[in-house]
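Here the structure comes first, spelled out in structure tokens, and everything after it is commentary.
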Amino acid sequence: MEKKISRRSFLKISGTVGTGAAVGLSTSTSKTKAAVRTEPKRIERIPSVCEQCFWRCGIIATVEDGKLVNIEGNPLHPNNRGKICARGNAGVALVYEKDRLKGPMIRVGERGSGKWREVSWNEALDYTAEKLLAVTKKYGVEANGLFAHGASGYFATDLYSFLGSPNSAAPSFAQCKGSRDVGYELTYGENMGSPERLDLANAKVITLIGSALGENIHTGQIIDFTDGLANGAKVIAVDPRFSTAASKAKWWLPIKPGTDTALVLAWINEIINKKGYDETFVRNSTTGFSELTDHVKEFTPEWAEKITEIPANVIRETAKAMMDAKPAVLVHPGRHVAWYGNDVQRARAVAILSAILGIWGQKGGYFLKSEFPASYNALDIPAAPIPKRQRVDGAGYRFPLASTEEGLTQELVKATLSQKPYPIKSWMVFGQNIFNSIPAKRDTRKAIDNLDFYVVVDVRPTEPTWYADVILPEDTYLERYDTLMTVTGWYKQYVSLRQPVIKRVHNTKPGWWIAKELGKRLGLSAYYPYNDYEDVIKYQLKDSGISFTKLKRDGVITFPAKPFLEPGESYQFKTSDKKVHLYSKELKDLGFDPIPVYEPVNDPGKGYFRLVYGLMPVHSHGKTESNPWLNTLISEPHLWINEIIGKSMGLKNDEEVIVENQDGIRSDKIKILMTPGMRHDAVFLPHGFGGNDRGLLDYTKRNISDNNLISKYTVDPISGGTGLRVNFVRLIKDEQPLSPTVEVSMTGVSAKKISGVKQEEDQNKTFNIQPKKKASAIKEGC
Amino acid sequence: MSKYAMVIDMDRCIACHACEVACRSHYDVPVPYYRNWVHDLRPEGVYPDIKKVSYVGLCNHCDDAPCVKACPTGATYKRKDGVVVVDKDLCIGCGLCIEACPYGARYIDPVKEKVDKCDFCIDRVEQGVEPACVATCIASARIFGDIDDPNSKVSQLIANGAQPNVSSKVNVGPNIYYLDSHNHFPVVQAAFPPKVPNMPTPQKMWTKVLRPLFWLAIGGSFLGQLAAFSTQLFKGESDIKE
């Protein structure tokens, strides 16, 4: 019997059987498919690397007669192992998204009037270069500021360093993982990198402190996390919200927001008191253990209970779970850690906890970085000039341990706003939504008024695009080459290649080309001795032993790694004395606490809630909201609020409220989600949804952005990282602020009525408030 | 002979929705319709026993499929390997099968005006490749296989307690099973019980099938349609034989 197979299914199947850039011809034989064609279709399967987020999974694109029809995971890629998330699958819809930037444009109306004219690339680039040179001539080259993000953002960062301006910044540091990296470098001499070097699959206990693992879909980590769960890993989820990770946890610790350092210090206290630490590792590979022991003496679980509202017995029980499972305890370092502006010290506390458990280079703990077996040729270009003036963001001096590679976005905004210490007169925003990533967006908006010139390079328009003087539309990641992506801190090492899988759909250009062409017009031709980036990659690989042809065909080339230490092997840490610094002399010398101290946080005050935020699994930051395949899954965020509190304010699920912060800044109407899975003193708003775009985009109808409400922030004095969880909000309905009429304790301890507020008789009954029961804080049975 | 089924491991699923988008991509499913779905429920319960549950669903490829019975043209039929499919050439888009389905697994493609639904990616399966939703599942929460083979993983998981979504009122032999060790499945069953099949009545047959056909006849092509219809009907029948 003849087997039926449709043309479309065939092309989608073929590469799953064997990967690679296979080209096949097929005609439709299936009558179950609508289109019966007379001419065969050209079907190509091309591997590349995803950029729907920064995780960079290997993908295989199926292209039918030049049209992208499907994307799937590349089974050869050791990170995502043939799987991709919703966003990765939806890359197809990104390419053909109607709201994309489709050609270069120069503004003709007032800035912010939304009037541009379409121009040629030559005209757009000439004009941009002319404006940047004018700023340079008048104010000095340092007056040109850059915000860059994403894989192609490196080209812009390079361009600005060739130009001689030190003022470039990326949100990946100050608004994301910067403080974590600094905390780990201070402790271990190296950071956890990206992808983080975590052996989740073999962990017996997984400790997640405010980690959105499961809602931030970092594919390789989710594969390992769910394998770990299936292998019996017990999860400790510390989160004011009942997250996806909490739903998989044995212990959900609904901690009072901002008190995590107290919890970690109490865990360290308990582990040291019970001698549950790794004695050999502590003796051989760390310094400062006696100082640490003295330091944490007073930080008992009882002390932490009062601060964190996590019962002492739960702190003891979870500490015991970690001690018993060590070294297979995966203490997750977190990723977005820009919470309170003292985040380096919290990251230090987490790093110290993981150190005394001895998990470095152990199965179920942290992977080691391996030595990459190949080296790439460097392009023969001049060294970048040393900038004549100090950077305006204070990285490296006002914030002594801030990254001078990634910089501090919010400080660049502040300097532009104040025009101090010296004028910043132009901005290039490259692949970044500066209104949705940098806090206090009103400052960002105002700073634009101080600019002589403002150019945006992006794939699709975002709110800041609206004010651009010039728009340079970039290819999607499916239409361009980017730099080689090399990963050494994983169970296998690999290099993967992003390459175009289709011809560009619109009049767009790749980031490397835009940087090169601007560079040439800025007198920097010596830095760009190539016409095609493919030639650069070929040259880089020429003497490396890595075949470009094979890399292009397979998308990734893997090498063995050495992720674990041999038994008895000691590790030379990359600190001054090759040891882990439990006590940091470096911090002491800079005038900071050498061992982390808990700093109390303010309470929101009556009627207010702390605003916390996070990711949804189907969206990436602010960049996927307009993707129709993703927007149909989640088109708007719901504000999470504790059920008892919400009911006491007379609210119903899906009812719309306005959210107003301490500065009187309001959202548009947001639907609420009431749940017992949210702490009583905080509300949660998913990140990445609409701002105030004026007519630019169809999908953003309402101002429901979390960042709109983050008008206040703190700055970590060590790293310069921002603290974004310091805003308090209240809910407004019918122009009246709502106030809870009950008090709730998350850990089931008590729920007392607020005196002076009129109470309903049957309130306890209605709200199902728990009886006083301490042990109830432990989430059993999962 | 094979009999295909799928197990959803609720302990592993993290509700990332990758399966939904992979399916949309593979079959050009127009927004807002879907062939498979993940419905996220609000976290509920009483602290500390809170549950955050998602309902992962698709066509159940029922043994006693109401959609097959409801279909007036034979377009919806059950293959010998258990897969319920729609022959697009025979489908007249009347939608009677949609009303009959207890799981809401079918939709009418507004452009093609034909009913569409999950077919277990049978084209892929026949090539030895997993269904698209299974292949992309990051959490490995979807397990596809042959329940006639007692050694298959699906058979073993069913032996270990994976259960179908049936109720005391509705049990039409579904072949999607749910594995759950945290009492999450009862939450799904309570929120999404199988609907009592709404089978065609003579009135519905008239308004949705016969009357449209009558107008087609007025259009002058009735005989041609009938001839094509009969031919395709036979072809369609023979195709399902292995």
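Here are the numbers:
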{"quantity": "With all protein chains modelled, accessible area of A:Phe564 [1.4 Å, Å²]", "calculated": "50 Å²"}
{"quantity": "Leading residue at positive end of dipole, the protein assembly as shown (Cβ point charges), from A:Ile46, A:Leu582, A:Gly723", "calculated": "A:Ile46"}
{"quantity": "Mean residue ellipticity (222 nm) of chain A, computed from DSSP H runs ≥ 4 via -39,500 (n - 2.57), nearest 500", "calculated": "-7500 deg cm²/dmol"}
{"quantity": "Where A meets B: accessible area buried, both sides, 1.4 Å probe, Å²", "calculated": "4900 Å²"}
{"quantity": "Over chain A, relative contact order from alpha-carbon pairs under 8 Å, at least 6 apart, %", "calculated": "18 percent"}
{"quantity": "Accessible area (Å², 1.4 Å probe, nearest 10) - A:Thr632", "calculated": "50 Å²"}
{"quantity": "Above-threshold pairs, the threshold being 28 Å between Cα atoms, out of A:Lys414/A:Lys623; A:Lys98/A:Lys509; A:Lys297/A:Lys585; A:Lys503/A:Lys550; A:Lys671/B:Lys112", "calculated": "A:Lys671/B:Lys112"}
{"quantity": "Amide hydrogen neighbours beyond the local backbone of B:Ser54, cut-off 5 Å, H modeled", "calculated": "B:Leu41"}
{"quantity": "Degrees separating the helix B:222-239 axis from the principal Cα axis of chain B, which is the longest one", "calculated": "40 degrees"}
{"quantity": "Prolate/oblate/rounded call for the stretch A:527-577, Cα gyration tensor, a/c under 1.5 rounded", "calculated": "oblate"}
{"quantity": "Solvent exposure, largest accessible area first (probe 1.4 Å, DNA, RNA and ligands not counted), of A:Glu643, A:Glu270", "calculated": "A:Glu643, A:Glu270"}
{"quantity": "Accessible solvent surface per residue of the protein assembly as shown, calculated while the other protein chains remain in place, 1.4 angstrom probe, Å²", "calculated": "37 Å²"}
{"quantity": "Chain A, dipole about Cα centre (Lys/Arg Cβ +1, Asp/Glu Cβ -1), debye to the nearest 20", "calculated": "1340 debye"}
{"quantity": "C-alpha long axis of helix A:178-188 to longest principal axis of chain A, angle in °", "calculated": "70 degrees"}
{"quantity": "A:Glu371, A:Glu735, A:Glu743, A:Glu196, reordered so the largest accessible area comes first (probe 1.4 Å)", "calculated": "A:Glu371, A:Glu735, A:Glu743, A:Glu196"}
{"quantity": "Over the stretch A:581-702 - Rg/Rh using Cα atoms and the Kirkwood inverse-distance radius", "calculated": "1.11"}
{"quantity": "Residues of type lysines that A:Lys562 reaches as a straight line, Cα spacing below 22 Å, ignoring anything fewer than 8 places off in the same chain", "calculated": "A:Lys204, A:Lys326, A:Lys363, A:Lys369, A:Lys492, A:Lys574, A:Lys578, A:Lys579"}
{"quantity": "Charged-residue dipole, Cβ positions (Lys, Arg, Asp, Glu), the stretch A:510-597 about Cα centre, Debye nearest 20", "calculated": "220 debye"}
{"quantity": "Computed accessible area, A:Val505, all protein chains, 1.4 angstrom probe, square angstrom", "calculated": "60 Å²"}
{"quantity": "Chain-alone versus full-assembly comparison, the stretch B:38-52, residues with accessible loss of at least 30 Å² (1.4 Å probe)", "calculated": "B:Arg42, B:Pro43, B:Val46, B:Tyr47, B:Pro48, B:Ile50, B:Lys52"}
{"quantity": "Relative contact order (percent, whole number), chain B, Cα cutoff 8 Å, 6+ residue spacing", "calculated": "27 percent"}
{"quantity": "Interface residues in the stretch B:128-148 - accessible area drops by 30 Å² or more relative to the isolated chain, probe 1.4 Å", "calculated": "B:Val129, B:Ala135, B:Thr136, B:Ile138"}
{"quantity": "Label-point separation in nm, B:Thr207 to A:Leu590, each point 7 Å along Cα→Cβ", "calculated": "7.3 nm"}
{"quantity": "With eigenvalues of the C-alpha gyration tensor scaled by 5 and rooted, the stretch A:141-251, Å", "calculated": "36, 14, 13"}
{"quantity": "Gyration tensor (Cα) of the stretch A:368-455, equivalent ellipsoid semi-axes in angstrom", "calculated": "30, 17, 15"}
{"quantity": "Principal-axis tilt of helix A:219-230 within chain A, Cα atoms, nearest 10 degrees", "calculated": "40 degrees"}
{"quantity": "Percent accessible area from carbon and sulfur atoms, chain A, protein chains only, probe 1.4 Å", "calculated": "50 percent"}
{"quantity": "Karplus-derived HN-Hα couplings along the stretch A:59-70 (A = 6.51, B = -1.76, C = 1.60, θ = phi - 60°), whole Hz, x at Gly and Pro", "calculated": "10, 10, 9, 9, 10, 10, 6, x, 9, 6, 10, 6"}
{"quantity": "Rg/Rh for chain A, where both radii come from Cα atoms and Rh is the Kirkwood radius", "calculated": "0.97"}
{"quantity": "Cys residues of chain B counted as unpaired, since no other Cys beta-carbon is under 4.7 Å", "calculated": "B:Cys13, B:Cys16, B:Cys23, B:Cys62, B:Cys71, B:Cys91, B:Cys94, B:Cys101, B:Cys121, B:Cys137"}
{"quantity": "Protein-protein interface of the stretch A:621-656, residues with accessible area decrease of at least 40 Å², isolated chain reference, 1.4 Å probe", "calculated": "A:Trp629, A:Thr632, A:Leu633"}
{"quantity": "Per residue convex hull volume, Cα atoms of the stretch B:4-200, in Å³", "calculated": "121 Å³"}
{"quantity": "Loop-resident sites, the stretch B:109-163, for trypsin sites (Lys or Arg not before Pro), counting at most 15 other Cβ within 10 Å (DSSP)", "calculated": "B:Lys112"}
{"quantity": "Exceeding the 27 Å Cα-Cα cut-off - candidates A:Lys275/A:Lys306; A:Lys83/A:Lys669; A:Lys115/A:Lys712; A:Lys248/B:Lys169; A:Lys441/A:Lys669", "calculated": "A:Lys83/A:Lys669; A:Lys115/A:Lys712; A:Lys248/B:Lys169"}
{"quantity": "Whether the stretch B:104-210 is rounded, prolate or oblate, judged on the alpha carbon gyration tensor where a/c under 1.5 counts as rounded", "calculated": "oblate"}
{"quantity": "Compactness of the stretch A:542-626 as Cα Rg over 2.2 N^0.38 Å, two decimals", "calculated": "2.02"}
{"quantity": "Accessible area in the full protein assembly, largest first, 1.4 Å probe, for A:Lys492, B:Lys52", "calculated": "A:Lys492, B:Lys52"}
{"quantity": "Qualifying aspartates and glutamates (Cα of each under 13 Å from Cα of A:Lys137; at least 8 residues distant if same chain)", "calculated": "A:Asp452"}
{"quantity": "Hull shadow area, averaged, the stretch A:193-309 [alpha-carbon convex hull, nm²]", "calculated": "8.2 nm²"}
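The values are calculated or read from the model by the stated rules, or taken from the named source; none is laboratory data. Because the structure is a prediction, the values reported are computed rather than measured. With ideal geometry, Cβ positions are generated from the backbone for all residues, glycine too; neighbour counts draw on all protein chains shown. Only protein heavy atoms, including side chains, enter the accessible area calculation; ligands, DNA and RNA are left aside. Shrake-Rupley method; radii C 1.70, N 1.55, O 1.52, S 1.80 Å.
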